[in-house]
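Notes for the one structure printed next.
The values are calculated or read from the model by the stated rules, or taken from the named source; none is laboratory data. Since the model is a prediction, treat every value here as computed from it, not as a measurement. Cβ atoms come from the backbone with ideal geometry, glycine included; neighbour counts cover every protein chain shown. Heads up: the accessible areas ignore ligands, DNA and RNA and are worked out on the full protein's heavy atoms, side chains in. Shrake-Rupley method; radii C 1.70, N 1.55, O 1.52, S 1.80 Å.
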Amino acid sequence: MDDSSAKTKHESCCRFGKFGKSCKLFSFAILVARFVTSSVALGVLVGLGATVLTLIFYAVQYLAFGSIESAKNTVFLGLPWYRYVLPGTIAMTIAAISWYFLRKKENPPRIVTIPQAVSGSRMPIFSTIAHVLLQIGIVGSGISIGREVAPRELAAMLAQRYSSIFNVSAKTQRILVASAAGAGLAAVYHAPLAGTVLSLGLLSKTQGFGFYAWLNRENGSVIVNALKNIARSERLHCLPFALVMNYVAAFVVEFLLHHSRYYNISQFSCVISWQICVFAVVVGAVCGLVGYVFRLGIIWCRTHALRGIQMLCFMPVAGLVIGVSACWFPHILGNGRSLSQLAFSVASFPYLAENSHIVTILLLLAVIKMLMTVLVLRYGASGGVLQPSISTGACFGVILYSIFSTSGFLQVFDISQVSAISVSIIGAASLLASSRKAPIMAWLLVAELVNAPFALLCLMLLAVIVSNCVSNCVSSCVSNFVERFTLHSCSAVTRTR
């Protein structure tokens, strides 16, 4: 039912004097019941959708490689060359043809993004499902791209259809679509807190929790205006919906698939000391810079992605390149879980993390992973970049640990006070925060994926803050340089004329 009609009924009901208080309580109970029903129902639907997509992902993997990815089996080793080359090439050929026809119609578009859906653009059922299945299919066949966008888009479409059936207001629809999109992430990675933060981030940044009160000054103090902004904020209204929906969706997937931990990480201890704090700052700074460069590449490739006939020609080439590279480096296959697991496994044994040959291989794999991901985006494929960012960050964490342990820094402080696995996890969170420009979501997502202890949570937060600051500083410096260079060029051209 529409929110405006509910408000009218409430006002007419409360005109009866002695029944006014009872009517208010009854109206409040109806609102609570609607909230619970909508949140739980959509959470269950999103969880079921994510379960189906996960099973399809496993089916594609089994068809391509003869086995299914799990926490203990994240890489497909010892396969004949055609098992690496053919699945990706075939999948990208099919995806190129399908996306060519899906993207051919632009008014109205057949493919609607999640931010557009939150803003009110309608997601077509058939083309959205096809778009989602294509993303799952290429990741399952080994293409280097994330798979978290597909369940989020499916969840947003389900929330839109739910809103249309029950005729909710435009504001409530925005909240439901944003909450469902976050729940899609929570269902795939069993990370409800990260999904909740992602849901809030989809709503307008000018609708913060009172932080923008000085932009909307009214009569009264800043504190009063801040409280008014908090009460009016869409994000505040979205928070309970997102929390319930994310936890329900994660529970449904956990109940149906009985997932274990996402990574197979051995037990490790993490104690806060000045040595590991130094590591957190250094890793955050380095990963902030690398993540900024990776983010620039992602943005450029997405804005200059091939379309039409060019996409038909080059997307299969991207699949072929990844398949040939996987013959020597199978850890680059898929969304990045395999590479992350390799970094965490190496970090679990300090003598391996200090081996220069293994560290060189990790650096090579991290660079190849980033290059293959931007290559796929440049040639027109769609997908996420969360796991590629996490995997490269985990590798850089191990690399920096090795540099510290095998150089003159060893004489400055005792490296035995620092665990390599903690540094690797810190690197994963730092690079994800910088590449996605979402520090809180990155912090919570990696923490939930690895089940981080409290001490490591604090260190991750420190590194994420440093990474975000470094990324922002570099971005500001680059923008100032480009602006000055442009002004200098324009003035030079003017003087020439």
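Pull up segment 230-264, narrow it to residues that are of a type in the set (A, V, I, L, M) and open to solvent by less than 10 Å² (accessible area, probe 1.4 Å), then point me to the one that is modelled with the lowest pLDDT.
Taking the candidates together, the pick is 242.
Taken over segment 304-339, the residue count meeting the criterion of being surrounded by fewer than 17 Cβ atoms within 10 Å (Cβ to Cβ) and of a type in the set (D, E, K, R) is 1. Residues in segment 69-94 that are more than 27 Å from the chain's Cα centre (by Cα), in contact (Cβ under 8 Å) with a residue 24 or more places away in the chain and open to solvent by 50 Å² or more (accessible area, probe 1.4 Å): 77, 81, 86.
Looking at 121, 127, just one residue is in a helix (DSSP H, G or I), under 28 Å from residue 173 (Cα atoms) and hydroxyl-bearing (Ser, Thr, Tyr), and that residue is 127. Taking each residue of segment 56-67 that is surrounded by fewer than 21 Cβ atoms within 10 Å (Cβ to Cβ) and looking for partners that are among the hydrophobic types (A, V, I, L, M, F, W, C) with beta-carbon atoms closer than 6 Å, six or more apart or interchain, yields 56/136; 58/68; 62/68. Would you be able to say whether some residue in segment 29-51 is assigned to a loop (DSSP other than H, G, I, E, B), under 26 Å from the mean Cα position of the chain (by Cα) and of a type outside the set (Gly, Ala, Ser)? No; the residues of segment 29-51 include none that is assigned to a loop (DSSP other than H, G, I, E, B), under 26 Å from the mean Cα position of the chain (by Cα) and of a type outside the set (Gly, Ala, Ser).
Looking across 339, 306, 333, one residue alone is of a type in the set (A, V, I, L, M, F, W, C) and either over 20 Å from the mean Cα position of the chain (by Cα) or on the phi > 0 side of the Ramachandran plot (or both). It is 306.
From the list 358, 368, 390, which residue is farther than 23 Å from residue 83 by Cα, open to solvent by 20 Å² or more (accessible area, probe 1.4 Å) and not aromatic (Phe, Trp, Tyr)?
On the way: 368 fails: farther than 23 Å from residue 83 by Cα; 390 fails: open to solvent by 20 Å² or more (accessible area, probe 1.4 Å).
358 is the lone residue from the list that is farther than 23 Å from residue 83 by Cα, open to solvent by 20 Å² or more (accessible area, probe 1.4 Å) and not aromatic (Phe, Trp, Tyr).
Just to verify a result, which residue in segment 95-109, among those that are at pLDDT 90 or above and more than 13 Å from residue 131 (Cβ to Cβ), is surrounded by the fewest Cβ atoms within 10 Å (Cβ to Cβ)? Taking the candidates together, the pick is 97.
Residue 319: under 20 Å from the mean Cα position of the chain (by Cα) and either in contact (Cβ under 8 Å) with a residue 24 or more places away in the chain or in a helix (DSSP H, G or I) (or both), yes or no?
Numbers: under 20 Å from the mean Cα position of the chain (by Cα): no; either in contact (Cβ under 8 Å) with a residue 24 or more places away in the chain or in a helix (DSSP H, G or I) (or both): yes.
Answer is no for this residue.
Cβ contacts < 6 Å: first residue under 13 Å from residue 63 (Cβ atoms), restricted to segment 129-142; second residue polar (S, T, N, Q) and surrounded by fewer than 24 Cβ atoms within 10 Å (Cβ to Cβ), any location; separation 6+ or different chain. Result? So the pair list comes out as 140/61.
Can you tell me which residue within segment 139-178, out of those that are in contact with a Gly (Cβ under 6 Å, 6 or more places away or on another chain) and not β-branched (Val, Ile, Thr), is surrounded by the fewest Cβ atoms within 10 Å (Cβ to Cβ)? Among those residues, the one meeting the criterion is 146.
Could you tell me whether segment 95-110 includes any residue that is without any contact (Cβ under 8 Å) to a residue 24 or more places away in the chain, in contact with a helix residue (DSSP H, G or I) (Cβ under 8 Å, 6 or more places away or on another chain) and under 20 Å from residue 49 (Cβ atoms)? Checked segment 95-110: at least one residue is without any contact (Cβ under 8 Å) to a residue 24 or more places away in the chain, in contact with a helix residue (DSSP H, G or I) (Cβ under 8 Å, 6 or more places away or on another chain) and under 20 Å from residue 49 (Cβ atoms). Looking only at residues in segment 265-279 that are assigned to a loop (DSSP other than H, G, I, E, B) and open to solvent by less than 50 Å² (accessible area, probe 1.4 Å), the one that is modelled with the highest pLDDT is 265.
May I ask you to verify whether residue 301 is open to solvent by 40 Å² or more (accessible area, probe 1.4 Å), part of a helix (DSSP H, G or I) and assigned by the TED database to the domain that holds residue 374? When the stated conditions are applied, residue 301 does not pass them. Evaluation of residue 76 against the conditions (1) touching a helix residue (DSSP H, G or I) at 6+ places or on another chain (Cβ under 8 Å); (2) over 30 Å from residue 171 (Cβ atoms); (3) assigned to a helix (DSSP H, G or I); (4) modelled with pLDDT under 95 shows that the sole unmet condition is (3).
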